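The values are calculated or read from the model by the stated rules, or taken from the named source; none is laboratory data. The structure displayed is predicted, hence computed values, not measured ones. For neighbour counting, all protein chains shown are included, and Cβ atoms are generated from backbone atoms with ideal geometry for every residue, glycine included. These accessible areas exclude ligands, DNA and RNA; they are computed on the full protein's heavy atoms, side chains included. Shrake-Rupley method; radii C 1.70, N 1.55, O 1.52, S 1.80 Å.
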Amino acid sequence: MKVTKFGGSSLASASQLEKVFNIVQADPERRFVVVSAPGKRDAADTKVTDALIQYYKRYIKGDDVTASQDWIIDRYQAMVDELGFTAKSMKKIAQSIKDLATLPIENNDFLYDSFLAAGEDNNAKLIAEYFTYRGLPARYVHPKKAGIIVSSEPGNARILPSSYDKIEELREADEVLVIPGFFGVTIDNQICTFSRGGSDITGSIVAAGVKADLYENFTDVDGIFAAHPGIIKNPHSIKELTYREMRELAYAGFSVLHDEALLPAYRGRIPLVIKNTNNPDHPGTQIVLEHSSETLPVVGIAADDDFVSINMSKYLMNREVGFGRKVLQILEDLNIRFEHMPTGIDDLSIVLRERELTPIKEEEILRQLKTKLEVDKAEIEHGLSIIMIVGENMKSHVGVTATATAALSQQNVNLAMISQGASEVSVMFVVKTEEKEKALKALYQAFFAE
Ligand code: ASP
């Protein structure tokens, strides 16, 4: 059996819902359907989740919320009208949207989450009714009933490991089960959402819980591209990726799937496939535990901006016991996360994301490096990007980094840093952001030209 998750763009309009219905109906193994809230119909449209945020903001300010309520209710109503059926659930949907504005504002840590969750919750009700109307018996299941019990962390829920046994009971159902994504309930019965984009996480949890044979994640692209289509013209989509490769690519900016969605499926050893609702015959990208064959050494190239490097040097640094610890202590005291730490004999750099720093923190770091660690030189370099070439099979291929550096030097790209982790799943290059596009194009050409 399969768990099939549809993202917001797959559920944005009647014609999209029609495609979704055809996909689910085409395969009797598609027994569990996890849905997002309706997404944008076009670039200028508003996602229902974002409309719910506006509604929430007006409500807590004490403003008139009628326009917000009407907009959201109309959004569902328009889909029903276009689909040409009379949805009994429409009345309940309208009521539940209005009821949000009766929830207590004071001492209610879960108010925001309750507003946000309404997008997926009502969509699931509507979709279950629509499937049934079309002759495919389906039932809406609230996450509480499904057993999706989460930690009490508003906007950042985690599944409780004890949930999985209850979720497994869903296997017994005869109908297709339609489960809203993005939220669970706490032990105290509060609605609590995952972080934004979290319907992917629900899908993964349900797949692990029911021990599915496959977790299908339907979106609006033919799987995961080998490089960013905004930079590389028509990149190919990757046939097969391992979980580890996906994690590395996601880290450096590939955002097709929510970061946290990999873990439940990975732990449950459930293969995952990313597919396109608008092109369901395309095989998409499979995410597997291990490659089925010796693939190319590099499967994808990712790049991400807004990195900063704190560079320091001190003569005989390599002989000084505790130097690294003291540097990291400075960062820890300032509550700064770091990402990479390439070292030389007398040099050390710390690469971190721009958002971790403020001008005051920067000054403080430099001051402490000079006074406490007595470095000879310390500076903070902004405007950096990372580029990662990713592939598990790199470890059995010689010369991958050589190919990459040759391609980069031919294009005159100056490498600020290179780092390869012990896992050999990726090699990371740090370049100046203005050289990123040139670098990415050179690497794509070098590894995937034919
Ligand atoms: N609707 C939620 C969001 O926009 C969750 C999701 O779509 O996955 O973040």
Test item: Cα-centred dipole of the chain, Lys/Arg +1 and Asp/Glu -1 on Cβ, debye: 460 debye
Could you grab the Rg to Rh ratio for the stretch 309-450? Cα atoms only, Kirkwood for Rh. 1.02
Give me D for the stretch 225-341 in µm² s⁻¹, whole number, from Stokes-Einstein with Rh from the Kirkwood sum over alpha-carbon pairs, 37 °C and 0.692 mPa s. 188 µm²/s
Could you give the C-alpha radius of gyration of the stretch 287-345 expressed as a fraction of 2.2 N^0.38 Å, taking N as the number of residues it contains? 1.75
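Taking a ≥ b ≥ c as the square roots of the Cα gyration tensor eigenvalues, with a/c under 1.5 meaning rounded and otherwise prolate when a/b beats b/c, else oblate, which class fits the stretch 185-224?
Working: a/c = 4.67, a/b = 1.55, b/c = 3.02.
Oblate, because a/c is 1.5 or more while a/b does not exceed b/c.
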Quick one: divide the alpha-carbon radius of gyration of the chain by 2.2 N^0.38 Å and tell me what you get. 1.10
Helix 199-209 vs. the chain, principal-axis angle (Cα, 0 to 90°, nearest 10): 80 degrees
Mind pulling the angle between the C-alpha long axis of helix 14-26 and the longest principal axis of the chain? Nearest 10 degrees, somewhere in 0 to 90. 90 degrees
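Check each of the GluC sites (Glu not before Pro) in the stretch 253-359 and keep only those in coil by DSSP with at most 10 other C-beta atoms within 10 angstrom; list them in order.
Values: sites: GLU260, GLU290, GLU294, GLU320, GLU332, GLU339, GLU354, GLU356; in loops: GLU290, GLU294, GLU320, GLU339.
Those satisfying the criteria are GLU290, GLU294.
First compute the accessible area of the stretch 123-238 with a 1.4 Å probe, then give the percent of it belonging to carbon and sulfur atoms.
Working: 2320 of 4600 Å².
Here it works out to 51 percent.
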Per residue solvent-accessible surface (Å²) - the stretch 21-110, probe of 1.4 Å: 54 Å²
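On the protein heavy atoms, probe 1.4 angstrom, tell me the percent of accessible surface of the stretch 312-435 carried by carbon and sulfur. Please report the intermediate quantities before stating the final value.
On the way: 3330 of 6780 Å².
Exposed carbon and sulfur together represent 49 percent of the surface.
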By DSSP, what percent of the beta bridges with both residues in the chain are antiparallel, rounded to the nearest 5? 60 percent
Answer rounded, prolate or oblate for the stretch 97-165, using the Cα gyration tensor with square roots of eigenvalues a ≥ b ≥ c: rounded when a/c is under 1.5, else prolate when a/b is larger than b/c, else oblate. oblate
Go through ALA117, TYR133, GLN54 and say which Cα lies farthest out towards the positive end of the charge dipole of the stretch 16-133; charges sit on Cβ, +1 for Lys and Arg, -1 for Asp and Glu. TYR133
Shape metrics for the stretch 346-410, restricted to C-alpha atoms - Rg then Dmax, Å: 17.3, 46
Using 1/(1 + (r/R0)^6) with R0 = 22 angstrom and r between the beta carbons of ARG158 and ASP109, what's the FRET efficiency to the nearest 0.05? 0.90
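Pairs to check: LYS88/LYS145; LYS326/LYS370; LYS125/LYS166; LYS233/LYS432; LYS145/LYS275. Give those whose C-alpha atoms are more than 19 Å from each other in this structure.
Values: LYS88/LYS145 21 Å; LYS326/LYS370 12 Å; LYS125/LYS166 21 Å; LYS233/LYS432 22 Å; LYS145/LYS275 28 Å.
Over 19 Å Cα-Cα: LYS88/LYS145; LYS125/LYS166; LYS233/LYS432; LYS145/LYS275.
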Label-point separation, LEU316 to HIS236 (7 Å along Cα→Cβ), nm: 5.5 nm
Please work out whether the stretch 74-212 counts as rounded, prolate or oblate from its C-alpha gyration tensor, where a ≥ b ≥ c are the square roots of the eigenvalues and a/c under 1.5 means rounded, while otherwise a/b larger than b/c means prolate and anything else oblate? oblate
Run the reach check for LYS92 against aspartates and glutamates, Cα to Cα strictly under 13 Å, same-chain hits fewer than 8 apart removed. What comes back? ASP121, GLU129
Working out 0.36 nm times the residue gap between LEU289 and THR401, then minus their Cα-Cα distance, what length gain in nm do you get to one decimal? 37.8 nm
So the angle from the long Cα axis of helix 436-448 to the longest Cα principal axis of the chain, reported in degrees to the nearest 10, equals 80 degrees
